[in-house]
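Remarks on the structure that follows.
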Amino acid sequence: MIKQILQAGRQTSSGFFSMLPVMLGTLLLSSLLIPYIPRLFETGWFGQNPASDALLGAGIGSIAVGQPVVSYLLGGELSNSGVSLVGVTALVVAWVTVGITHLPVEAAAFGWRFAIYRNLLSFLFAVVIAFIIAGVLYVIA
Amino acid sequence: MSSRNLTSEKPKKRASANKSHGGWWFLLAVLLVHLGVWQIAPDLSAESLAYFVQVMSRLLPVFGLLFLLLWLFNLFARPKQIKHWLGGQSGSRGWIFSILGGVASMGSMYLWYPLLHDLKAHGMRSSLLAAFLYSRAVKIPMLPLMVHYFGTLYTGLYVVNILLFSVLSGVIMEQLERGTPQGLDYND
């Protein structure tokens, strides 16, 4: 049993410390990007039309990391300032499903192809879901 | 990440991946970027480093918990069981477990990548992995807050869509994997 415990410890240390530099690098990289996300909303790019709002919302959500509650706050602010529900929803969905800043860690865990395909797919889904939700709410309301 | 390889994974590929120093080169590159930013805009550099320290102070206990979970996983996990619940023959049971697992999973994604990597190495299907990652977008403790901001109907539609698209995401990822001779986890 002690041998098994030690072996499991060695396996865990080896795997954990091989992923640690990627995690630290990703956190350092995201720390450069995150403080600038709220400033993107002041550029005036939002509000042109629902399609560009959706792409922009999904784009910002993709590079953002952090608690989903932050995306609800930002989404609420955007909605109050006249951004379409499509843009807000794309931001909220992409925030939690796409992770550009997480990409190196995800690739280290599952391979680059898996990480890139999954994130591209999730980006596309964020836009599609945004149109579905906004469309259903529009029809019902 | 366990080096045990009792599934269909290619041992030579996994062994060479474990010896890779790519992670350290990546960290070095990011440190050089920070150094460059510090030279050009010291204020921005200080702001981002303060953010990094704040995030790290929150994540350090999580890393400790992650190490403990991985150690327990390596000690007790049996590849046969994992293949039974999440492997190629798991069927609808595998989908239900991975989607419910994704919804129930809490904490930073950094906690889950290494654990999912181990599950994958022990036979978890790529489709179920993708479904798990997608269904994490439903955060049950956050739903009341979402209702507060966007309303009940919006929240209901959001949850239903995320769950449906997590299945779709898994199905498409599996199709993509079948169309890739080397597999999606090939890193070169």
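The values are calculated or read from the model by the stated rules, or taken from the named source; none is laboratory data. Predicted model, so just to flag it, every value in this text is computed and none were measured. Virtual Cβ from ideal backbone geometry, glycine too; neighbours counted across all protein chains shown. Side chains included, ligands, DNA and RNA excluded: accessible areas come from the protein's heavy atoms. Shrake-Rupley method; radii C 1.70, N 1.55, O 1.52, S 1.80 Å.
Tell me, which residue of the range A:108-117 that is open to solvent by less than 10 Å² (accessible area, probe 1.4 Å) and at the interface with chain B (Cβ under 7 Å from one of its Cβ atoms) is nearest to B:GLY23 (Cα to Cα)?
A:ALA109
If you go through the range A:1-32 one residue at a time, how many are open to solvent by 60 Å² or more (accessible area, probe 1.4 Å), part of a helix (DSSP H, G or I) and more than 7 Å from every other protein chain (Cβ to nearest Cβ)?
Of the residues in that region, 6 qualify.
Looking only at the range A:71-102, count how many residues are in contact (Cβ under 8 Å) with a residue 24 or more places away in the chain, within 11 Å of chain B (Cβ to nearest Cβ) and under 15 Å from the mean Cα position of the chain (by Cα).
Matching residues across the range A:71-102 total 14.
Would you tally the residues in the range A:86-103 being assigned to a helix (DSSP H, G or I) and buried (at least 22 other Cβ atoms within 10 Å of the Cβ)?
12
Select the helices (runs of 4 or more DSSP H) contained entirely in the range B:88-188, then report the ones holding at least 1 residues which are under 22 Å from B:LEU70 (Cα atoms) and out of contact with any strand residue (DSSP E or B) (no Cβ under 6 Å at 6 or more places or on another chain).
B:91-104, B:109-121, B:126-135
Would you pick out the residues in the range B:145-163 that are within 19 Å of the chain's Cα centre (by Cα) and facing chain A (nearest Cβ under 10 Å)?
Residue satisfying the conditions is B:ILE162 alone.
Just to be sure I understand the filter: pairs with C-beta atoms under 8 Å, separated by 6 or more residues or on different chains, first member in the range B:129-144 and within 9 Å of chain A (Cβ to nearest Cβ), second member buried (at least 24 other Cβ atoms within 10 Å of the Cβ) and among the acidic types (Asp, Glu). Which pairs pass?
From the range B:129-144, no pairs qualify.
Just give me the residues in the range B:92-128 being open to solvent by less than 10 Å² (accessible area, probe 1.4 Å) and free of Cβ contacts under 8 Å to residues at least 40 places away in the same chain, in sequence order.
Of everything in the range B:92-128, those that are open to solvent by less than 10 Å² (accessible area, probe 1.4 Å) and free of Cβ contacts under 8 Å to residues at least 40 places away in the same chain turn out to be B:GLY94, B:SER105, B:TYR113, B:LEU116.
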